[in-house]
Every structure is written in structure tokens, then in C-alpha cells.
Amino acid sequence: MKPIFSRLAGGHLDDATLAAIWTSTPAAGATLSGGAADPHLASCGECRVRYDAFASWMEEIRADARMEAAEIFTPERLAAQQAVISRRLEAAERPARVIAFPKFPAGGSGRSAPVRRWIAAAAAAGLLVGVGLGSIMDLRHVAERRGFPATRTVQQPRVDATARAVVPASAVVSEELLLLELEAAATPQYEALRAYERLTPRAADFLQSSR
Amino acid sequence: MAGAKAAGSPAREADGAAASAVKSAQAEGRHAEARERYAELVGRHQRRASRIAFHYLRDAAEADEAVQDGFVKAYSHLQTFREELPFEVWFTRILINGCLDRIKARTRRERWITSMPDGPGGERDFAERTAGHGPSPEDQLLAKERGRRVGRALAKLPDRQRTVFMLSHYEGCSSREVGAITGLNESTVRVHLFRAIRKLRVLLNEANL
């Protein structure tokens, strides 16, 4: 290290120079004994006093720092700290617990490739058989034979013969009454139109002929 | 290191023996024994480690954590420890790196927080100071305030200067030991120490203004 030995008026050493001398002593912080690192310091009483004051200031800083730390890190605190360290070391050496996750092999399924192929072939065959049978057999007739309605649309009133066959008798009677009422209501009130009315087929005639 | 300065001192030899025993116990899977032997090392070095961490971090709880992390890390990496290097040097390096990492993380966290200005009070010129005379309550209070002031000034030093100052001055390490910890040569250590002191004085004088 090359200290900057600058001088004050009168040849005295400045603070930086004193600090440089202090740090360059073998045991930094020790007060100079006998021969100083600088010839001026050895001979100048004033600089010697300033140097000793500097060394004392440095020592004071050290003592303050040590005292502050000693107040904080009491033996109890250090014991607690050591206990935490022991626990952490123990925990670090314990084998880690592995949480089991569901297995998803590369193929996406646990079965082997031949088994998967067989399952796919069976599914395809089942589909073909189902489509073939469906085209041969009319499943709607089977359902009707067993008494199940083929479709939900039978709930709507139907006018074809098939629907009439399944309509209950009470519904048929009410239907006839409705037609007769409509016919009566539609009977013209004017004499001029009576001739036309006589030419028009009447619902009552149809009903009588059907019975 | 003040207590274990000379190479081959009893404390250093004990450290070396304990570290070797821990390493071999670890290698043979005798973990309980390894932890037991390692506790000896922890007990010998934790006070000094706590002091160093506290001077870096200025926060007792964070210093505790840094010390714990340092010891745990040293234990888990003990296989890489070479016996020719004193354990305390190797461990101090780990500890200081951990402290510096924490300071960096803290700086990132506090980037947007305005720092509090230094409190009022005067720092006398070192030439006006005299040696302490008895720890009266007033002296203790003054010492605490002074310590805080120095701590704040230390925090403003560059990392290397701060490390060199704390190890040299607070922990009494020789330039060679500081060099071993920091990877600097002895003359560079002295330069950093000188610059740290000079800057510290400037900072403390500025705080007085």
C-alpha cells in the first residue's frame, strides 16, 4: 500500500495520513510504540497526540460494536439459534415425503398396446353390428308391440286411422259432440242459403253410417 | 479469529478435527453423529458469526436467519471443504456471501421506500475523543447511538471496504486472514481498510452537518 502522506501547515500529518499509518501497522488499532511508521510522527508530539486520539476513536468504535452485538446475542438467544440449526439439519436429512400422483404412462392408459387394440376392434365390431341390425329390424314396431309408444308425438291429437285406434272412447264421444255443435252453429240463419246447406254433407250422417 | 490467529492453534486444530469427523460421519451415513459433532463447530463460531451478520444487516432477527442459513449451508456442503483452509475462514466466506445476498434482496425490496434521514446529534472529531471511562448509563446510551451512527455509515460503504473493515477492525482478523476470506491479497486488504476508514470519517462528519 502506498499511503498518501500529505502534510498540513507546519509539516504536520493530516487525518488521512494518520489513518494510513494506522492501517499499515502490523496490528491495526495498536498505538504506536517507539519508532513510528513515519519519522515526523516519531518526533512530533502534536501529531503523536492526534494519532493516539485517532487510534482511541477506532478502538471506541470497535468496543461499541462489540457491546451492541453482545447485548443482542445473549447466551439464551444463541442457544435458541443453535436449537433451530439442529432442527433444520435434522429436517434436511429426513427423506422427503413423495406425494403419490395418479399414474399416467406415456400411452395415456395403464393397459398394454395389444389389449388396447383388442378393445378398439371390439368397439368397432359392436358399432357395425348395431348399425346392421338397426337397418334390418324396425325397432319402432317392436316397441309398439310391447305396448310402449313409438314416439312422444302421440300425445298430440292425431287424425289418421292408427291414431284413432288408440284414442279412448270418451275422447271420441266428445269429438263427435264437438262436430255436431260446430255443425249446428254453422247452420245458416237465412232462408236463401238453406238450399246450399241441404247440399252440404252433414257430420251426423257420417257418424250414423260409421256406427 | 482473534482467538485463533496462529496457524495450528488449538482452536483451529479442534475445528479441523471436528470438520473431518463430520465429513466422515456424513459419508458413512451416520447422520446423528455428524450433527452432534457439527454442533461443536456451531457452538464455537455462532457468537462471532452472529456479530458479523448483525454488523452487515443491522437487524437481529435477520442476522439470526443469516447465521442459521450459513451453518445449514456449510453443513450440506461440508464435503467440498478442504482441510488446508481453516473452517472459520471457509464458513465466514459462506456467511458473508449470504449476508450480501440478503442486503441485495433488501435493497430491491426497499427501492421505492424513502430512507429516513439521520437523526440529530453530533459526532465529535476523533481528535476530541478520549478513551472511555466507565460504562455509566449515559455512556451506554451514547455508545448505542454512536454504534447506530457508525452502523448506518458502514452500510454506505462498498461491499469490499465494509467487509475488510468489519473483519479487520471488529473481528481482529489479520490482513492475511481477511485476504483468505475475501480472496484479496494482503496489500489490497490494507488499501480497502484505509479507504473504508477515510470514507467512514467523511460519512460521519457529513452526518453531523
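Read the figures in this text as sums done on the coordinates, not as results from a lab. In this text the structure is predicted, and so the values were computed from the model without any measurement. Quick reminder, even Gly has a Cβ in these numbers, built from the backbone with ideal geometry, and neighbours come from all protein chains shown.
A few notes on this one:
- Protection proxy ranking of B:32-44, B:76-88 - average other beta-carbon atoms within 10 Å, highest first: B:32-44, B:76-88
- Using a Förster distance of 60 Å, the FRET efficiency for residue A:203-residue A:97 (Cβ separation, nearest 0.05): 0.10
- Taking θ as phi - 60° and the Karplus parameters 6.51, -1.76 and 1.60, the scalar couplings of the stretch B:186-202 work out to 4, 5, 5, 4, 5, 4, 5, 5, 4, 5, 5, 5, 4, 5, 4, 5, 4 Hz in sequence order, x denoting glycine and proline.
- Around the amide H of residue A:13, modelled in the peptide plane, lie the amide H atoms of A:8, all under 5 Å away and 5 or more residues distant in sequence or on another chain.
- Close amide-amide hydrogen proximity is noted between residue B:173 and B:168, each under 5 Å apart and 5 or more residues distant or on a separate chain (H modeled in the peptide plane; Pro and chain starts excluded).
- A simple spin-label model places pseudo-atoms 7 Å from Cα toward Cβ; at residue B:109 and residue B:73 they are separated by 1.7 nm.
- Eligible aspartates and glutamates near residue B:199 by straight Cα distance, threshold 15 Å, same-chain separation 8 or greater: A:14, A:15, B:123, B:125, B:159
- Solvent-free Debye scattering, log10 I(q)/I(0), computed from the Cα coordinates of the stretch B:1-114 at q = 0.13, 0.14 Å⁻¹: -0.52, -0.59
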